[in-house]
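> Mind looking over this structure? Questions follow.
The values are calculated or read from the model by the stated rules, or taken from the named source; none is laboratory data. Since the structure is predicted, the reported quantities are computational estimates derived from the model, not experimental observations. Note that each Cβ is placed from the backbone with ideal geometry, even for glycine, and that neighbours are counted across all protein chains shown.
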Amino acid sequence: MTEHAVPPRHRNLMDRFINGIELIAAFFVGIVAADIFISVLLRYFFAIQIPDAYDFGRLLLGILIFWGIAATSYRGTHITVDLVWANVGPRHQRFIDVFATLVLLFVVTVQTYTLFDKVTGTYNDNVLTFDLRLPTWPFFALAWAGDAAAVLLIAIRTYRLIFHPEEMEDGAYRIKPVE
């Protein structure tokens, strides 16, 4: 173990929650991939189309996007631009990280509010898929749940950045730049 290495943390309830969100996002990646693969396979080899395959694909992709936002928001593994951040000291880097996370929290919270409006709108308007006439609001609700999970994870990240930076991944509070 190096001099500055942090000993492994015990997996507390919050860390298990965070990992659970990431597993749900990974599950939806698999579902979207399977939907696309099976649709292409059936269409190419058997000239059969799954009813509502297009609707399911776009609705599942929407779910995947919002759960993906949740999965990347806490870890800070999304693409970042760090021109200013890389040229300031650690104190200012932490300030920039906290400010950026607060802005992200605000934006995703507003997005979650507006997406909930979309869920209720599709429910009230009884929007259905084309072939099977299935209601689409449950898909929107699953996407909204991913967005709500993102708000929770960003709030946890903000709390940890401000009050417990040592609890961030690998003992570092900084967002890792993409190289």
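> Check LEU64, LEU60, LEU104 and return the single one that is under 27 Å from ALA143 (Cα atoms), surrounded by 13 or more Cβ atoms within 10 Å (Cβ to Cβ) and in contact with a Ser or Thr (Cβ under 9 Å, 6 or more places away or on another chain). Before you say what the answer is, go through the steps one by one.
On the way: LEU64 fails: in contact with a Ser or Thr (Cβ under 9 Å, 6 or more places away or on another chain); LEU60 fails: in contact with a Ser or Thr (Cβ under 9 Å, 6 or more places away or on another chain).
Result: LEU104 is the single residue among LEU64, LEU60, LEU104 that is under 27 Å from ALA143 (Cα atoms), surrounded by 13 or more Cβ atoms within 10 Å (Cβ to Cβ) and in contact with a Ser or Thr (Cβ under 9 Å, 6 or more places away or on another chain).
> Those residues that are closer than 23 Å to THR136 by Cα, part of a helix (DSSP H, G or I) and at pLDDT 90 or above, I need them from the stretch 41-56; list them, please.
ASP55, PHE56, listed by residue number.
> When you look at THR120, is it among the β-branched types (Val, Ile, Thr) and surrounded by fewer than 15 Cβ atoms within 10 Å (Cβ to Cβ), yes or no? Talk me through it step by step, then tell me what you get.
Details: among the β-branched types (Val, Ile, Thr): yes; surrounded by fewer than 15 Cβ atoms within 10 Å (Cβ to Cβ): yes.
Judged against the criteria, THR120 is a match.
> Continuing with the same structure: Given THR129, THR101, THR122, which one is modelled with pLDDT of 95 or more, more than 17 Å from MET14 (Cα to Cα) and of a type outside the set (Gly, Ala, Ser)? Talk me through it step by step, then tell me what you get.
Details: THR129 fails: modelled with pLDDT of 95 or more; THR101 fails: modelled with pLDDT of 95 or more.
So the residue among THR129, THR101, THR122 that is modelled with pLDDT of 95 or more, more than 17 Å from MET14 (Cα to Cα) and of a type outside the set (Gly, Ala, Ser) is THR122.
> Report every pair of residues separated by at least 6 positions or lying on different chains whose Cβ atoms are under 9 Å apart, first residue within the stretch 96-112 and without any contact (Cβ under 8 Å) to a residue 24 or more places away in the chain, second of a type outside the set (Val, Ile, Thr) and part of a helix (DSSP H, G or I).
Final answer for the pair search is ILE96/TRP85.
> Same structure again: If you take the residues of the stretch 82-94 that are surrounded by 12 or more Cβ atoms within 10 Å (Cβ to Cβ) and part of a helix (DSSP H, G or I), which of them is modelled with the lowest pLDDT?
Filtering the stretch 82-94 for residues that are surrounded by 12 or more Cβ atoms within 10 Å (Cβ to Cβ) and part of a helix (DSSP H, G or I), the one modelled with the lowest pLDDT comes out as TRP85.
> Separate question: List every residue pair whose Cβ atoms sit under 6 Å apart, with the two residues 6 or more apart in sequence or on different chains, where the first one lies in the stretch 1-22 and is modelled with pLDDT under 80 and the second, anywhere, is surrounded by 13 or more Cβ atoms within 10 Å (Cβ to Cβ).
That search, which allows pairs on different chains as well, returns VAL6/GLY171.
> Could you please tell me which pairs satisfy a Cβ distance under 9 Å, a separation of 6+ or placement on different chains, a first residue in the stretch 145-169 that is more than 14 Å from GLU22 (Cβ to Cβ), and a second residue that is acidic (Asp, Glu)?
ARG160/GLU166; ARG160/GLU167; LEU161/ASP97; PRO165/ASP97; GLU167/ASP15
> Test ASP117 against the stated conditions and say whether it is more than 25 Å from GLU22 (Cβ to Cβ), charged (D, E, K, R) and touching an Asp or Glu at 6+ places or on another chain (Cβ under 9 Å). Break it down into steps so the answer makes sense when it comes.
Working: more than 25 Å from GLU22 (Cβ to Cβ): yes; charged (D, E, K, R): yes; touching an Asp or Glu at 6+ places or on another chain (Cβ under 9 Å): no.
Considered against the rule, which asks whether it is more than 25 Å from GLU22 (Cβ to Cβ), charged (D, E, K, R) and touching an Asp or Glu at 6+ places or on another chain (Cβ under 9 Å), ASP117 comes out as no.
> Any residue that is touching a Phe, Trp or Tyr at 6+ places or on another chain (Cβ under 7 Å), part of a helix (DSSP H, G or I) and more than 17 Å from TRP67 (Cα to Cα) - is there at least one of those in the stretch 106-120?
No, because not a single residue in the stretch 106-120 is touching a Phe, Trp or Tyr at 6+ places or on another chain (Cβ under 7 Å), part of a helix (DSSP H, G or I) and more than 17 Å from TRP67 (Cα to Cα).
A quick yes/no check of all residues on (1) of a type in the set (Gly, Ala, Ser); (2) under 26 Å from ALA155 (Cα atoms):
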site	(1), (2)
PHE28	no, yes
ILE38	no, no
ILE63	no, yes
ASP82	no, yes
ALA100	yes, yes
